[in-house]
Amino acid sequence: MTDPQISLSCYVKPLRDLVESIKDIVPNVTFTFSEEGLDMQSMDVNKVALVELFIPAHSFASYTNKDDENITISVDLQSLSKTLKCVKADAMCRMSWRKGADELNMNFKSTNESFSFKLKLLNMEQQPMSIPVRNNDVTFTLPSDTYQNFTKDISALAADVTIKVTE
């Protein structure tokens, strides 16, 4: 068996929290693995909300991309969420993918348990969106549960959402 093209390890809880916070807005996402880290871009079904996320490679317990080019895979977040809910929050998750495979291998290890899952990948043709880089004058911090509730509430809206910050 050949070594995986992509391999990363992280704790389950932060990954579960991230998936839970966006799965109701964007049910299917495309992950792009590069030397720099993991990038995700996706639009909701109505093409109203864009969700973009970047996690640098150094943020993972381990991160390997053995390809010189970026590798893109698409995942159903509802299925990933169900898988992550089956595992203890303090478990370590190792995800791997081999070139040409149509599934993502997920291995979970906690103190005295070990689980393996295979998550079927989606066949999505999606081009990366060009999003202009802007310097923002506002930075705010809020608890993750507040953010999660906000994203669930916003997913129920059918129109545009504007967030305006003033002094």
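S96 satisfies every condition listed in (1) open to solvent by 50 Å² or more (accessible area, probe 1.4 Å); (2) within 26 Å of E52 (Cβ to Cβ); (3) at pLDDT 90 or above except (1). Taking the criterion of being touching a helix residue (DSSP H, G or I) at 6+ places or on another chain (Cβ under 8 Å), open to solvent by less than 20 Å² (accessible area, probe 1.4 Å), of a type outside the set (S, T, Y) and under 20 Å from F108 (Cα atoms), would at least one residue in region 64-75 satisfy it? No, there is no match, as no residue in region 64-75 is touching a helix residue (DSSP H, G or I) at 6+ places or on another chain (Cβ under 8 Å), open to solvent by less than 20 Å² (accessible area, probe 1.4 Å), of a type outside the set (S, T, Y) and under 20 Å from F108 (Cα atoms). Per the listing D76, D67, D90, the residue uniquely in contact (Cβ under 8 Å) with a residue 40 or more places away in the chain, among the charged types (D, E, K, R), closer than 15 Å to M124 by Cβ and touching a strand residue (DSSP E or B) at 6+ places or on another chain (Cβ under 9 Å) is D76.
In this structure, is V87 open to solvent by less than 40 Å² (accessible area, probe 1.4 Å) and part of a strand (DSSP E or B)?
no
Of the residues making up region 99-127, those that are surrounded by 11 or more Cβ atoms within 10 Å (Cβ to Cβ), in contact (Cβ under 8 Å) with a residue 24 or more places away in the chain and assigned to a loop (DSSP other than H, G, I, E, B) number 4.
In this structure, L53 qualifies as open to solvent by 10 Å² or more (accessible area, probe 1.4 Å) and either part of a loop (DSSP other than H, G, I, E, B) or farther than 27 Å from N112 by Cα (or both). Looking for something assigned to a loop (DSSP other than H, G, I, E, B), open to solvent by less than 40 Å² (accessible area, probe 1.4 Å), in contact (Cβ under 8 Å) with a residue 12 or more places away in the chain and closer than 17 Å to T83 by Cα - is there at least one such residue anywhere in region 39-49? No, the conditions are met nowhere in region 39-49.
Filtered by the rule that a residue be of a type outside the set (D, E) and in a loop (DSSP other than H, G, I, E, B), region 11-26 gives K23, I25, V26.
The values are calculated or read from the model by the stated rules, or taken from the named source; none is laboratory data. This structure is a prediction, so every number in the text was calculated from the model and none was measured. Cβ atoms come from the backbone with ideal geometry, glycine included; neighbour counts cover every protein chain shown. Just so you know, the surface numbers come from the protein's heavy atoms only, side chains and all, with ligands and any DNA or RNA stripped out. Shrake-Rupley method; radii C 1.70, N 1.55, O 1.52, S 1.80 Å.
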